[in-house]
Every structure is written in C-alpha cells, then in structure tokens.
1. If you scan the range 211-243, which residues turn out to be of a type in the set (A, V, I, L, M) and open to solvent by 50 Å² or more (accessible area, probe 1.4 Å)?
2. Do any residues in the range 131-160 that are over 27 Å from S59 (Cα atoms) have Cβ atoms under 8 Å from those of residues that are part of a loop (DSSP other than H, G, I, E, B) and open to solvent by 30 Å² or more (accessible area, probe 1.4 Å), where the two are at least six apart or on different chains, and which pairs are they?
3. Just to be sure before I move on: is L173 in a helix (DSSP H, G or I) and either at pLDDT below 95 or open to solvent by 20 Å² or more (accessible area, probe 1.4 Å) (or both) in the structure I sent?
4. Got a number for residues in the range 61-70 being open to solvent by less than 50 Å² (accessible area, probe 1.4 Å) and under 28 Å from V251 (Cβ atoms)?
5. For residues that are farther than 15 Å from F246 by Cβ, in a helix (DSSP H, G or I) and among the aliphatic types (A, V, I, L, M), tally how many sit in the range 132-160.
6. Give the residues of the range 180-194 that are polar (S, T, N, Q) and open to solvent by 20 Å² or more (accessible area, probe 1.4 Å), sorted by residue number.
7. Filter the range 195-207 for residues that are surrounded by fewer than 18 Cβ atoms within 10 Å (Cβ to Cβ) and part of a helix (DSSP H, G or I) and give the result.
Amino acid sequence: MTTLLVDPSPSEVDWDPLREIVTAGFTGDHLELVSGTGMDGKKCSVWMFLPLVFTLFTSAGLWIVYFIAVEDDKIFPLNSAERKPGVKHAPYISIAGDEPPASCVFSQVMNMAAFLALVVAVLRFIQLKPKVLNPWLNISGLVALCLASFGMTLLGNFQLTNDEEIHNVGTSLTFGFGTLTCWIQAALTLKVNIKNEGRKVGIPRVILSASITLCVVLYFILMAQGIHMYAARVQWGLVMCFLSYFGTFAVEFRHYRYEIVCSEYQENFLSFSESLSEASEYQTDQV
C-alpha cells in the first residue's frame with residue numbers, strides 16, 4: 001500500500017498532527033511518501049532542485065536537438081532572415097526532432113520531461129491538498145498537468161512524418177492543458193499564499209501565463225497564415241516560457257521535504273483517507 005502524506009513545518013505549529021500519524025502504528029507492510037517542512041529558515045529542501053532540473057534538462061535537450069538538426073541541414077537556423085524554398089524546413093521543434101539522430105534525442109528528452117512533469121504534478125498536489133478548502137481547483141491542476149505530460153510522450157514517440165495525426169494530438173494536449181495548468185497554478189499560488197510568498201511568486205506566474213497564452217494564440221495565427229519562420233520562433237519562445245514557469249516551483253518546494261518510509265502492515269493503522277482528513281482539518285485552521 002502506498003500512502004501520500006503532507007505535514008506542516010514544526011516552525012509553524014507546536015503540534016504536528018501528521019508527524020504523529022506517521023510515527024504511530026507503522027508496523028505493516030507498506031510504503032509511504034511523507035512530505036513536510038522540518039527545516040529551519042536558513043536551509044532549503046533538496047526537492048527545490050527537482051523543478052530546476054526539469055527546466056534545465058528539458059531546455060538543454062531541446063536545444064541539442066535544434067543544433068543537431070541545423071548541423072544536418074534539416075532546418076533553417078532561427079536567426080535566418082526569412083525562409084527560402086528548398087530542402088530545409090522552418091525550425092519548428094517537431095521538425096527538428098523528426099529524423100535520426102535528432103529524433104532519438106528528442107524522444108528521450110520528451111519522455112524524461114513527461115516523467116519529471118508528472119512527479120512535479122503529484123508533489124504539488126500533495127503540497128496543496130491540506131491547504132485548500134475546495135479541492136476541485138487542485139485536482140483540476142493535477143489532471144491538467146497529467147494530460148499535458150501524456151501529450152509530451154505522444155510528441156516524443158510519434159514523429160511528425162511517421163504519424164502526423166497522433167503527433168498533433170500530443171501537441172494539442174501539451175500546449176492546451178499546459179496553458180490551463182499555468183493559470184490554475186497561478187490562481188492556487190495567490191490563494192494559498194505559502195509562507196506569505198503568494199504575491200511574490202503568483203504575480204510572475206500570472207505574467208508568464210499571459211505570455212504563454214499570447215504565444216499560443218499568435219503561434220496558431222502565424223501557422224494559419226503560412227508565416228512559418230515567425231511561427232517557429234514564437235513556438236520556441238512559448239516552450240521556453242513553459243519551462244521557466246515550471247522552474248518557479250522551486251520557490252515553494254524549498255520549504256518541503258519528502259521521505260519514503262517502509263514498514264510492516266498493522267491492522268489498526270489509520271487509512272490514508274482518515275489520516276489525510278484529520279491532518280487537513282487541522283492544517284486548514286493554520287492557513
């Protein structure tokens with residue numbers, strides 16, 4: 001049995017309800033992921049590096065794909081004055097990663113990015129669950145990011161020339177639900193206001209969300225008009241904005257730790273729903 005728990009910082013409250021739940025009666029065969037903020041104000045959790053690794057790894061991987069495609073004369077460089085007729089194509093990300101060897105790197109990068117995005121989605125959901133009264137917004141954020149992650153796998157594993165229909169479905173899932181995720185998380189950031197940093201983090205996220213939305217609209221307008229060089233540049237800017245947005249989760253993740261506890265099963269052990277319900281009722285009063 002896998003149990004996901006969130007506990008508050010000892011610096012915030014005198015009594016830690018989830019820590020009591022975690023340490024009492026754990027003698028059963030199960031695995032637990034426990035999250036909390038048991039650090040002093042001068043230290044940061046190593047989990048803050050997860051969003052940063054996601055951002056840096058994915059952006060570096062995509063640029064490697066781009067330079068491989070340019071070196072192989074598959075696409076025009078982004079700084080080309082205009083697209084000229086010929087063998088080369090506009091530097092869309094999907095076209096850059098369409099043929100080997102770039103497609104091999106592209107598939108690996110997108111699969112790893114999808115996995116890391118899914119982990120971030122789950123940890124973010126766990127982090128916010130005890131702090132929101134109405135869970136529908138938090139659940140919507142989790143579902144939207146999971147669908148965007150699934151879209152990334154379709155993008156990476158079904159190249160444009162091999163299966164254009166599935167590839168375009170992946171593009172729609174990634175950009176569509178990715179944009180929705182950004183707005184949902186921006187709203188949650190301002191609403192929950194973790195460590196009184198809601199405005200400091202929320203305002204940049206609103207700006208990034210607006211930039212992403214504008215890029216998506218502009219991208220499809222340019223695509224429809226056949227202005228491919230500018231559309232490709234907007235697409236790269238859109239993806240970099242997405243990755244920058246995910247990097248901002250490091251701000252909140254630095255306050256939290258996640259631990260895996262393995263112990264034997266005991267029949268009188270509290271169920272996950274009971275444990276989380278008890279902790280949520282207590283922590284809601286603290287927000």
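1. Applying the first criterion (of a type in the set (A, V, I, L, M)) to the range 211-243 yields 212, 214, 216-218, 221-224, 227, 229, 231-232, 234, 238-240, 243.
Listed by number, the residues that qualify are L214, V217, L218, I221, M223, A224, I227.
2. K131/V287
3. Working: in a helix (DSSP H, G or I): yes; either at pLDDT below 95 or open to solvent by 20 Å² or more (accessible area, probe 1.4 Å) (or both): yes.
Yes.
4. Narrowing the range 61-70 to residues open to solvent by less than 50 Å² (accessible area, probe 1.4 Å): 61-62, 65-66, 68-70.
Of the ones still in play, those that are also under 28 Å from V251 (Cβ atoms) are 61-62.
The qualifying residues number 2.
5. The number of residues fulfilling the criteria is 6.
6. Step one: filter the range 180-194 for residues polar (S, T, N, Q), giving 181, 185, 189, 193.
Once the filter is applied, which keeps residues that are polar (S, T, N, Q) and open to solvent by 20 Å² or more (accessible area, probe 1.4 Å), the range 180-194 yields only N193.
7. Filtering the range 195-207 down to residues surrounded by fewer than 18 Cβ atoms within 10 Å (Cβ to Cβ) leaves 195-200, 203-204, 206-207.
If the condition is that a residue be surrounded by fewer than 18 Cβ atoms within 10 Å (Cβ to Cβ) and part of a helix (DSSP H, G or I), then K195, N196, G198, R199, K200, I203, P204, V206, I207 are the ones that fit.
So that you can scan it fast, the table gives a plain yes or no per residue for (1) more than 30 Å from I194 (Cα to Cα); (2) modelled with pLDDT of 95 or more:
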| site | (1), (2) |
| --- | --- |
| F67 | yes, yes |
| E82 | yes, no |
| K88 | yes, no |
| G97 | yes, no |
| P101 | yes, no |
| V105 | yes, yes |
| A114 | no, yes |
| A117 | no, yes |
| Q127 | no, no |
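The values are calculated or read from the model by the stated rules, or taken from the named source; none is laboratory data. As the structure is a prediction and not an experimental result, all values here were calculated from the model. As a convention, Cβ positions derive from the backbone with ideal geometry for all residues, glycine included, and neighbour counts pool all protein chains shown. Surface accessibility is based on the protein's heavy atoms, side chains included, excluding ligands, DNA and RNA. Shrake-Rupley method; radii C 1.70, N 1.55, O 1.52, S 1.80 Å.
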